Structures are given as C-alpha cells and as structure tokens.
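Here's the structure, in structure tokens; my notes come after.
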Amino acid sequence: ADANGWVENANALLNHSARRTVQIAHEAGALVSFNHAWGTSNELLPIPDPEAQRDLLVQTRAFGADILEVGYRQRGLDLDAFLWLWDELLASGTAILGNGVSDTHGGNADNWRNTPNNFVTWILAASTAHGDLLDGLRRGRVFFGDLTLFDGHADHGTADGWRMGSIVVTDRASAEISTVFDGLASGDTVRIIATGVPVSSEVVTGSSFATVTELVIDPGAPSAYLRAEVYGADGTAKVFTNPVVFLPVLPSAGLAHHRGGFDLRGYRSLVLDHLRLIDLCIFDQGPDARLDLVLETTAPAGQGATVVIDASAHGRLPEMVTLNGLAAVITTDAEALTITLTDLVGSGTLTLSDGLPRCPLDANCDNLVNFFDLELILTQWGQPTPNGYAGDLSGDGFVNFADLNEVLEAWGEGCGGTATGSRQ
C-alpha cells in the first residue's frame, strides 16, 4: 500500500505484479487460470464494472493467463456475463481457454455436485496420467459444463487437422469446422457461436449431434473463432466447447507448439513439436512466395524439435529450404508434398522459398527500408536476436550499431513484389 502511494497510477503497479506472477508460473512450466472475473459475491467487495474489466483484460491480454474461469451460473454476475467476457477476449485476439469452476474450497463433493456452480472441466487426453492430462489442457483439448446434466463427448475439427483448442495464424478467407457431441438428450439445443455471434441453433432429436459450419476469417479483424454451447429443453446450460481460433496476425508473444500452427501461402504445419513461432514474414512476387518463420526450440536438453509442413495447397515443394541459426535433418517427399525437419535445435529462421530472396536490410517485413525498420532496431537495441532477423541485419546475434548503420546506408530502398509482416 505504501508503494502504491508513490506512483501516479497505482493500478499500473498491480498490473505489473499480475503479469510478473504469470511469467514466473510459466517459467516453472505451469498453466495459469484467471478466476473470479466478477468477484466472489462478497458483499464487502464490489463487483468490477463489466466494461472496465473487459477493457483491462483485453489491453493486458488477461495478463498472459492461459485460462479464464467461465463456468459459473452466478458469481458476482451471471453465466451470460462470463460468456460475454470470454467472447470479448477471443474476438480481440486473446485466444484464452475457458474452463469450469476450478475447486470446491473443501466440503462434501456430493453436495458440491448439486450446487448451481458445479461446472467441471473435461480433458481429452491419451490417458488419465498427470502428464497426459496436463498436455491435453495445454493443447486446449477441453470442454466444460454441468456433470449432473452431461457426461458425454464434445469436439471440433477441420479436414486440415485443426482441432478444438488450435490457434492458427492464417491468410485463408474461411475454414469449414465440424462440431460433434455425444451424450446429449433429445430436446437439447446446440448453439454455434462464430466470432461472438450465434450463427445457428438446432434442437437435437437423439443422443448425438454433428454439423459443419463455414467460418469467415476477416483479414482486418483480430481473430475469427468457432465454439459451441448446449442447453437443455428447459434452457438450462449444460456444456460448452473451447474454440478453434484463426488469427490473421501473429501475437506479439508468439505461439507455442501446444496450440499453435500456421496455414500461410499454401504451407500448413502438420507438426510443430517443442517449438515457439516468434515471428514470420511473407514475400510474394507473382505466383512465387517466400515464407520466413522465426522459431525458438523449447525441447528438453539433449532432444531436438520436429516440424512437418504440408505444401500441397501451395501446389509444389519450395525450391529452397534454408536454415539460419537453426540446425536440423531436412527431408522432403515429392509425392506427398511435405517437408520434415527432425532433430531441430537452436533459434533462428526457417525459410521456404520459390527462389525469391528476402528484401535485404528490411527489418520489419514491409519490403522497404524506412522509418519502421529504424524504429524496430531502436526498440530491440542491445537484445540478442534470432540470426539475421527481427532487427539483426548484420547477423551477429545482437541488435546494435552495425544494424543501425546498415539501415541508414540503405534508407529508402525497396525490393518490388509484396511483403507482409504478421505480428501483433
């Protein structure tokens, strides 16, 4: 409290503490859930203003939390308010997972099952072993709801292999997403939510349900996503899926392999194992393309990461597959049109190119050497950087005077074609 008195904006200190707490948890390998978004129903503690709380969580990306506690029928505000907040975050590009009530704070488990706030979280996992459950949660393979009204199965998927929980950086205009449920009751209503908007509502006549929905992906919007809800014949909420999320722009924090993938210029990731995608750049010239992916390997010591990329939508394998700052065994399959990298180590750039060179000295991927490149270099000044990228134009592993001089000497130069940086 004393420290708060010395800062102009006390909330800034609190927000920093929240972010740092999440960071420490992530460094220890933990997942973080943001709970009690509308307070704890304690009369002595006011309910947060909905719009102010929404603005704070959108601005801070929920402080970096992985999960939002959504499954409350009533806690400060009602379930609709929790769903509204979740949709607002998802639509803003914060692809946070939703879950049920996390704990009971003691008491009799049977009594808890029959209370209004009895939503649990189901995890689709290889087994009930702790490691498999945690992996399923990290991947977003979860749905949540009332255990006394539903004990079935729910999932989303696409023909391309994206599943419930996936976060896909893409330049596609749309995606067809399947929704499946088992364990329903006749008379239940399945509602499909596309980027915050209910697009269909169907009454179920049996115990199972399946449908395919075309999701429009607006390149000018922060995100597009699809999730589903089930309500009983009397309108009681029963179960909620987690979304499949498509992002036109890569988040500033990058994407971890657990949920992340890409589908860009006809190149689609089939496997991203023990990697973080931290930056990317696309360069087009006629039918040719160049895709630069900046990757950081996160495999345990002594192990390598794995990448498998499908180029079938591109129509051909790239002429060149090159690595800068990374090392791997690279194999290609001309029949299946796949590129596989195994034993991948290091941090740097994977390039898939139809013979196009990257625009030299363009630090920010807009195909020109200009003020934005200078700004990027000054922002990253002194930082170690993946080889030859994100401001390190000289390739010495740091952003420094060598890079600044390179930009100033090439000021105003361009390369033709069209370049697209994909970063929020």
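Only one residue in 212, 230, 249, 239 is touching a residue at least 12 places away in the same chain (Cβ under 8 Å) and out of contact with any Asp or Glu (no Cβ under 9 Å at 6 or more places or on another chain). Which one?
Step by step, each of 212, 230, 249, 239 is checked, and only 249 is touching a residue at least 12 places away in the same chain (Cβ under 8 Å) and out of contact with any Asp or Glu (no Cβ under 9 Å at 6 or more places or on another chain).
Anything in the range 54-89 that is over 24 Å from residue 170 (Cα atoms) and either of a type in the set (Phe, Trp, Tyr) or outside the structural domain of residue 139 (by TED's automatic domain parsing) (or both)? List them, or say none.
Scanning the range 54-89 gives 63, 72, 82, 84.
Looking only at strands (runs of 3 or more DSSP E) that lie completely in the range 238-332, which have at least 2 residues being of a type in the set (A, V, I, L, M) and crowded, with 22+ Cβ neighbours inside 10 Å?
244-247, 275-285, 288-297, 305-310
Any residue at all in the range 375-388 that is within 30 Å of residue 28 (Cβ to Cβ), hydroxyl-bearing (Ser, Thr, Tyr) and not in a helix (DSSP H, G or I)?
Yes: one or more hits.
Before we move on, is residue 228 in the same structural domain as residue 167 (by TED's automatic domain parsing), buried (at least 21 other Cβ atoms within 10 Å of the Cβ) and over 30 Å from residue 116 (Cβ atoms)?
No: the conditions fail for residue 228.
Residue check: is residue 366 surrounded by fewer than 18 Cβ atoms within 10 Å (Cβ to Cβ), acidic (Asp, Glu) and over 19 Å from residue 268 (Cβ atoms)?
yes
Of all residues in the range 299-332, which are hydroxyl-bearing (Ser, Thr, Tyr) and without any contact (Cβ under 8 Å) to a residue 24 or more places away in the chain?
331, 332
What is the one condition in (1) surrounded by fewer than 20 Cβ atoms within 10 Å (Cβ to Cβ); (2) more than 30 Å from residue 266 (Cβ to Cβ); (3) at pLDDT 75 or above that residue 384 does not satisfy?
Of everything listed in (1) surrounded by fewer than 20 Cβ atoms within 10 Å (Cβ to Cβ); (2) more than 30 Å from residue 266 (Cβ to Cβ); (3) at pLDDT 75 or above, residue 384 misses just condition (3).
Which residues, counting only those in the range 333-346, are buried (at least 20 other Cβ atoms within 10 Å of the Cβ) and touching a residue at least 60 places away in the same chain (Cβ under 8 Å)?
Answer for the range 333-346, where residues must be buried (at least 20 other Cβ atoms within 10 Å of the Cβ) and touching a residue at least 60 places away in the same chain (Cβ under 8 Å): just 344.
All but one of (1) under 21 Å from residue 302 (Cβ atoms); (2) modelled with pLDDT of 90 or more hold for residue 347, so report the exception by its number.
(2) is the only condition that residue 347 fails.
Give all pairs with beta carbons closer than 9 Å in which a residue from the range 52-66 that is farther than 17 Å from residue 31 by Cβ and outside any helix (DSSP H, G or I) meets a residue that is at pLDDT 95 or above and acidic (Asp, Glu); count only pairs at least 6 apart in sequence or on separate chains.
none
Give me the strands (runs of 3 or more DSSP E) completely within the range 90-204, filtered to those with at least 2 residues that are surrounded by 17 or more Cβ atoms within 10 Å (Cβ to Cβ), assigned by TED's automatic domain parsing to the domain that holds residue 242 and touching a residue at least 40 places away in the same chain (Cβ under 8 Å), ordered by residue number.
In the range 90-204, the matching strands (runs of 3 or more DSSP E) lie at 97-100, 119-123, 142-146, 153-157, 167-170, 174-182, 189-194.
Return a yes/no flag: does the range 354-368 have any residue that is farther than 19 Å from residue 254 by Cβ and in a strand (DSSP E or B).
Yes, the range 354-368 contains at least one residue that is farther than 19 Å from residue 254 by Cβ and in a strand (DSSP E or B).
Collect the residues in the range 268-309 that are closer than 16 Å to residue 329 by Cβ and either touching a Gly at 6+ places or on another chain (Cβ under 6 Å) or polar (S, T, N, Q) (or both), keeping them in residue-number order.
297, 303, 306
The values are calculated or read from the model by the stated rules, or taken from the named source; none is laboratory data. This structure is a prediction, so every number in the text was calculated from the model and none was measured. As a convention, Cβ positions derive from the backbone with ideal geometry for all residues, glycine included, and neighbour counts pool all protein chains shown.
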